[in-house]
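The values are calculated or read from the model by the stated rules, or taken from the named source; none is laboratory data. In this text, all values refer to a predicted model and were calculated from it rather than measured experimentally. Cβ atoms come from the backbone with ideal geometry, glycine included; neighbour counts cover every protein chain shown.
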Amino acid sequence: MRRISPLLRPALGVALAIALALGGCTRSDEEDGFRPGSTDLGDPYVPGRGNGGYDVGHYDLDVRYDPATDRLTGRAVLTATTTTGLSRFNLDLAGLEVDRVVVDGASATHRRTGDELVVTPARGLARGARFTIEVAYAGVPAPVVGGALGSGGFLHTDDGAIALGQPDSAATWFPVNDHPSDKATYDLAVTVPEGLAALSNGAPGPKRSADGWTTWRWSERAPMASYLTTLVIGDYQVTTGTHAGRPMVTAVPASEPATGAAAASLARTGAIVDFLASRFGPYPFESYGGIVVADPRIGYALETQSRPVYGPAFFSAGRPNPSVVAHELAHQWFGDSVSLTRWRDIWLNEGFATYAEWLWAEHDGGRTAQRAFEAQYATTDWSAPAVDPGREAMFGNAVYRRGALAVHALRRTVGDDTFFRILREWTVGRRDGNATTDDLITHAERVAGRQLRSLFDAWLVGGSAPALP
Ligand code: ARG
Ligand code: ZN
């Protein structure tokens, strides 16, 4: 799902009027315009990921997973719109066997090359056409090897499975246009042995059990980047409630004490969301939550949409860890609702999420954001850039720390009122969309009514310590 920028709408209207005046294209013109869609989106951080020529609006996924055999059986129905005339197109799918592909109700031919599923529909698809792709598939899903986060993709655990990872993970368990520039809504039905939980993003739907299996349902109605999907299956204590009238679902491993650090940290979710909303603008999604997993291979937390996943190490000290919760919840605005267009701008996610940790600490009676800024400034390595850090360094210090320093430098430069107006107008105006570093700078300059590019340049990419603002 890509939003057309309001600025482009008049231009599209003019183009449409000209096309209508010319009487449109003949059928054979269209036939001539059918080309194969590109096999990726040209993002050098994720070669092969994403595909060109179409845009997915919705994923309807129905999967069954049996931990006894590690086997997953799935049926995916994608609703998409072409962006060019297509003779064939690709989806990302890593491993798994494809039994059948149906496009617009007609059987399509398909083949696999690496992590690509290449689909040739019976007839070419005209530019701008809405179409459906149905894929029946099965197999033993695999982890992503050599990922930037360490363990990710589809991990088989002692009691179930965890599908998680950034910058990509979704293609290990469903066919997908696997790039954050193509966000879509999701419905998921996941069937697991009765007694196990199956958690994912968004609002819970009705749960049904039959013949020793239980089907859990989840729906995410706000557009979601594919790396923000998660599937967590296993023996969990699930707590279902509401916050601000919307569903709140949290889960901790069944082995975890109900009064332990993990549960106590998740219990802060509502209060932290409300605090962040008071700074960033309205919470962008229709549900809340969090999932703590026990598997030590998950050495990180990830801002999976509406329901972050936290690795066990964050709570191993036995004390609540609201800082990581504030970080992952801040991503719901920065990264999840306003998403990257390309991975080189990852600081837009991590800089604001790190800054949110500073804001929360100050609000919670800890050190002020100004003190955090001073401490970090003093020990920063200015030789590594926050923008375009390189794939290997996308989760490096320069991204997180220089990103947060740049955010606070902006605040010091424009003053609190203008700063928080910049943030709120950004999250509201760009809600459910995508953005780049340049978009943020342009936006900040417009709201502040002054030139800010050299400030961002100095704090994000300059090779030496900038003067303190
Ligand atoms: N987006 C995730 C987060 O910051 C990435 C976690 C990276 N952590 C790591 N140890 N590499 O919330
Ligand atoms: Zn983060």
Query - Single residue of segment 78-111 satisfying the filter (out of contact with any Gly (no Cβ under 7 Å at 6 or more places or on another chain) and surrounded by fewer than 16 Cβ atoms within 10 Å (Cβ to Cβ)) that is nearest to ALA184 (Cα to Cα) - result: ASP104
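Is segment 319-335 home to any residue that is of a type outside the set (Val, Ile, Thr), farther than 18 Å from ILE272 by Cα, within 14 Å of ligand 2 (Cβ to nearest atom) and part of a helix (DSSP H, G or I)?
no
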Report task. Would you be able to tell me the number of residues in segment 217-262 that are among the β-branched types (Val, Ile, Thr), within 19 Å of the chain's Cα centre (by Cα) and assigned to a loop (DSSP other than H, G, I, E, B)? Result -> 2
Report task. Go through segment 188-216 residue by residue and tally those that are surrounded by 14 or more Cβ atoms within 10 Å (Cβ to Cβ) and not in a strand (DSSP E or B). Result -> 5
Requested in this report: Have a look at ASP336, ASP364 and point out the one that is within 11 Å of ligand 1 (Cβ to nearest atom) and at pLDDT 95 or above.
Outcome: ASP336
Query raised in the report: Mind checking whether some residue in segment 350-357 is part of a helix (DSSP H, G or I), of a type in the set (Phe, Trp, Tyr) and away from ligand 2 (no atom under 12 Å from the Cβ)?
Result: no
Report task. Could you tell me whether ALA384 is modelled with pLDDT of 95 or more, among the aliphatic types (A, V, I, L, M) and touching a Gly at 6+ places or on another chain (Cβ under 8 Å)? Result -> yes
Report task. Pull up segment 377-410, narrow it to residues that are more than 27 Å from GLY147 (Cβ to Cβ) and surrounded by fewer than 19 Cβ atoms within 10 Å (Cβ to Cβ), then point me to the one that is farthest from ligand 1 (Cβ to nearest atom). Result -> ALA378
Query raised in the report: Based on what the data block shows, is THR413 hydroxyl-bearing (Ser, Thr, Tyr), surrounded by fewer than 20 Cβ atoms within 10 Å (Cβ to Cβ) and touching a residue at least 12 places away in the same chain (Cβ under 8 Å)?
Result: yes
Query - Test result for THR113, among the β-branched types (Val, Ile, Thr) and free of Cβ contacts under 8 Å to residues at least 60 places away in the same chain - result: yes
Report summary line: ALA301 passes all but one of the listed conditions (1) under 22 Å from PRO180 (Cβ atoms); (2) among the hydrophobic types (A, V, I, L, M, F, W, C); (3) away from ligand 2 (no atom under 12 Å from the Cβ); the exception is number (3)
Query raised in the report: Has segment 277-286 got at least one residue that is within 16 Å of ligand 2 (Cβ to nearest atom) and out of contact with any helix residue (DSSP H, G or I) (no Cβ under 9 Å at 6 or more places or on another chain)?
Result: no
**Report entry** Residue in segment 304-318 that is surrounded by the most Cβ atoms within 10 Å (Cβ to Cβ), counting only those that are assigned to a loop (DSSP other than H, G, I, E, B) and within 14 Å of ligand 2 (Cβ to nearest atom)
**Finding:** THR304
Requested in this report: Can you confirm whether segment 272-284 contains a residue that is of a type in the set (Gly, Ala, Ser) and touching a strand residue (DSSP E or B) at 6+ places or on another chain (Cβ under 8 Å)?
Outcome: no
